[in-house]
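Below: one structure, written as structure tokens.
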Amino acid sequence: MEISIANRQRRIGIRSSCAGLIASSVLERESACFDEISIVFLGDRAMLRLNRVFTGRDVPTDTLAFELTPDVIRQKPVSGIRLGEVIVCVDRAISQSKRYRVRLEKEVARLLIHGLLHLCGFEDGTKIGRARMHRRESLHIASLDELISSLVVSPSEGSTARGSKRVAPRRKGSTSRGPNLIASQRKGSAMRGSNRRGP
């Protein structure tokens, strides 16, 4: 599986290697098979625009998740290829970490994991679904706590403070055009969003 990370905001730095390892671990533990995953970290304005385009809601959201097919990203359909993208709003993570009194890196990780769980088929549209999803998020966070503690860096620390990075080798025949598949596109085959409701 190929994982691409794009940090498109300036408020905090993200260690791509940590984000990639978190994603790999969650998807492996959930037995999810994707060919490529793109993870994008955005600010409020960009996330508001995406939420408006893809859900019709003119409010900020903290996470969006898309399962894509190659034709959605302007390529010829390829049978059996499975692509996914998780978009995390860092501004929401910052405000929610203060509101719920949790470490910022833990909130960023929770939103990333939440989006990945949506790609794995979890839904949070009902009370039972939200509770089930929250339990899975907490399980993953507990098992990845040491890795999560290194996820966020100050922008001055550099390495992946802003930009894009591929954290897994490109497979032969890969369909990827790099990270940030959805942010520049107008349609996706599936989309889920959330507004976090619990610590």
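Could the peptides 81-92, 8-19, 129-140 be put in order, highest first, of the mean number of other beta-carbon atoms found within 10 Å of their residues? The partial results should precede the final answer.
On the way: 81-92: 24.4, 8-19: 21.1, 129-140: 16.2.
Ranking the peptides 81-92, 8-19, 129-140 by packing returns 81-92, 8-19, 129-140.
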>> Full-extension gain between S24 and R101, please, as 0.36 nm times their residue separation minus the C-alpha to C-alpha distance.
In response: 25.0 nm
> Under the Karplus relation 6.51 cos²θ - 1.76 cosθ + 1.60, θ = phi - 60°, what is the ordered set of whole-Hz ³J(HN,Hα) values for the range 38-43, x standing for Gly and Pro?
Replying inline: 10, 10, 10, 10, 10, x
> Which distance in nm do the two modelled labels at D145 and R130 give, with both placed 7 Å along the Cα-to-Cβ direction?
Replying inline: 2.6
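The numbers here are math on the coordinates, done by the rules we state, and not lab data. Quantities reported herein were computed from a predicted structural model and do not represent experimental measurements. Counting neighbours? That spans all protein chains shown, and the Cβs are built from the backbone with ideal geometry, glycine included.
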